[in-house]
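Can you read through this structure? Questions will come right after.
Values quoted throughout were computed directly from the atomic coordinates according to the rules given, and no laboratory measurement underlies them. Note that the coordinates shown come from a computational prediction; the quantities given were computed from them, not determined experimentally. In this analysis, Cβ positions are derived from the backbone assuming ideal geometry, glycine residues included, and neighbour counts consider all displayed protein chains.
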Amino acid sequence: MDSGRPSIASGQAWVLKWLCGLVVWAPAALTTIYLKSVLLYEGGLLQAGAAVGMTVNSRHPFRIFTPIQTLSFFREDILIVFLAIPMALFLLSRLLSLRWLIAVVTAFSACAIIIAAVERQSDLLLGDFLSYPLLMDGVWWGLHHSGDAAAYIGTKAPVRLLILILMLLFLAVAIVRVAGKASNLHWSGIAKKLRWLLLPVLLLTLLAWLPTLRTVRLHRSIYGMVIAKLVDSPGGGMQSFARLTNAELIGRYHESESAPVFDRLAPWWGAAKDFDVFIYVLETEPAQVLDLTGNLDGVPNLRWLRDHASVATRHHTASVVSSRALFSILSSCYPPSDMPAFSKRFQPFTKPGLLSSARSASYTTGIYAPRDSEFGHDSNVFRALGAESLTTGENQPLPYEMTSWQQRQLFDEQAAERMGRDLENYIKSNVRYVMVFLPQIGHAPWADVAGGNEPDLRKRARAIIALQDEWIGKILNIIRGGQRLDRTVFVVTGDHGIRTRQEDPALPSGVMDDYSFHVPFMISTPGLRSTPQYIERLTSHIDMSPSILDLLGISEGREWEQGSPVWEERVQRRRTYFFADDLMGVSGFYQNDKFYMQNRVSGMTAVSSAMHFGVGDTVPEDSEAGRNIYGGLERMVGLEQTWNNRSSVQTLSGAR
């Protein structure tokens, strides 16, 4: 070998070794940036915007912040993957041979890619990164229930990870072989040129640190969030549920959450046996707009129903996302964090709940809704929950938020027309039914359906309610004409309230609020009640299915209920949860006349006697109250995942 030519073996060609190390590190670096981008795009920017008090647009999350502000969420990641680690490789290239350097970097890159893949799956399924107890429970459950684990996680993610790791190994081997033939290049000149590449990286890093936004959790690097989640496991937080039998799991929920146990001896049991059931779910309907305790002027049909109803005056949705709220309404369970995966994982009629139990008592079950480009996901959930028929209006290529209110009204009326025909046929044929109607005319931002350029958003909302009151009147006329009005349970509720400042700028940001979660709810039974009954204890959407099934006297498939009938006095001692992590970045619970909340993005924890939170209600994250809030939510997320997976698996394969 020419003595003037740098030799890799002698360690003189450190530039070549450094370049090789950077190439092998590149897949892990890009995977890290990709994971951060996914977290931001899939709700992170919405949560961060709400946390710092900005107006958010759920359809265009990257328009919430300026490009430089958006870049600030990558600042720690850029610093680590493009500066800190390359500098560490620079030092290692001076100390190690090429083969050892590539071996070390390959192992490190593979670990980084595996961590990113695992945490991506965890965020997809659970809405957060893995804590240490949850990681241990997951490993144990996977080893002891490999079949369920495969069905739960799926095959695509592991296959993609395997392909990426194999590509990394192939790259490492190729680098070692090719680098040996490149020793005749002028590496000192290349080293000088490489210095110029540092300027764009330094400039990018500087720009990322310029914005003066209030720092939130998503400003941390991916690795910082992973480590913080692993080491931050407060006492009383995530407990082991995967190792429990079904009976133990059900018992643990009722004990830990002070939830009443199913009771067939309740005085209201079977009071509406063989009644029909009609459920009308108002889209985006906060109780602040539709107060069922008021005079209900302008909505005579709702007023008539209220005058023969049990009205839950403090009723709340379990989630501010429609599909998850409907899941709780129909299943009596808190919604799974992995709703998209849930909708794909289970086949029709595999989830216990109102529709499945009603089917066991020979009821026909159907859901009626307009159809848009996103309905496929919802239809899978409805099928799993026991809907025999899904009847829609015309198929539309766009989401309802991107259509005019006139088109929404047309879509709703198409579905209502088909529903009316089925209703008449069921009554004529003496078929017992459970019908669910999901009109979308009320989707916020509320349209001015009165056509008068009304600036007051709540007046717009009331005009939409008045329009739907006419639809309710038509339904009542069909039932009345069939002489079944005294033999029908008529339920009216809202799926959720206002979620973003785009929907109403008056919404407080970064906190859990009554305007988002408190919704109207009544069970009208004209054949049983002639005056309204007002229930003042706090209730939830998980209580709707048990209330209806108790009235019908149906006990089949009730063991997996997490809710209780609204008349059950013991509900007031229960811990009741509210989830909005995916859209608003906040979640919380109610217990012992107090509301507790956590902002997952900013880390804010607070306690209040009402579902309104101000600066004076905050408590330190590391205080006993803060740890209890974090631990309670963490525990419920783990239980909910096991609960929904286990109850559906039991339906498929039988009790274990």
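Using label points projected 7 Å from each Cα along Cα→Cβ, tell me how many nm separate Ala266 and Glu42, to one decimal.
Between Ala266 and Glu42, the simple spin-label model gives 3.7 nm.
Here is a follow-up. Between Ala84 and Ser609, what length in nm is gained on full extension when 0.36 nm per residue of separation is reduced by their alpha carbon distance?
Going from the current span to full extension adds 184.3 nm.
Let me ask something else. At 0.36 nm per residue, and after removing the present C-alpha to C-alpha distance, how many nm does the segment from Ser97 to Asn246 gain when stretched out fully?
Roughly 48.1 nm would be gained on extension.
Using a 10 Å cut-off on Cβ atoms, rank the peptides 443-453, 70-80, 25-35 from the highest mean neighbour count down.
Put in order of decreasing packing, that is 70-80, 25-35, 443-453.
What does the extension gain come out to for Arg63 and Lys459, with contour length at 0.36 nm per residue minus their alpha carbon separation?
139.7 nm
For the cross-link pairs Lys36/Lys229; Lys428/Lys474; Lys17/Lys229; Lys36/Lys156, which exceed 24 Å when the distance is taken from alpha carbon to alpha carbon?
With Cα atoms farther than 24 Å apart: Lys17/Lys229.
Considering amide H positions built from the backbone, and no H for Pro or chain starts, which residues 5 or more places from His315, or on another chain, come under 5 Å of its amide H?
Amide H neighbours of His315: Val519, Thr539.
List every residue whose amide H lies under 5 Å from the amide H of Val566, counting only residues 5 or more places away in sequence or on a different chain, with H placed 1.01 Å from N in the peptide plane.
Those qualifying (amide H under 5 Å, at least 5 residues apart or on another chain) are Ser547.
What FRET efficiency, computed as 1/(1 + (r/R0)^6) with R0 = 45 Å and r the Cβ-Cβ distance, is obtained for Thr531 and Glu621, rounded to the nearest 0.05?
Efficiency computed from Cβ-Cβ geometry: 0.40.
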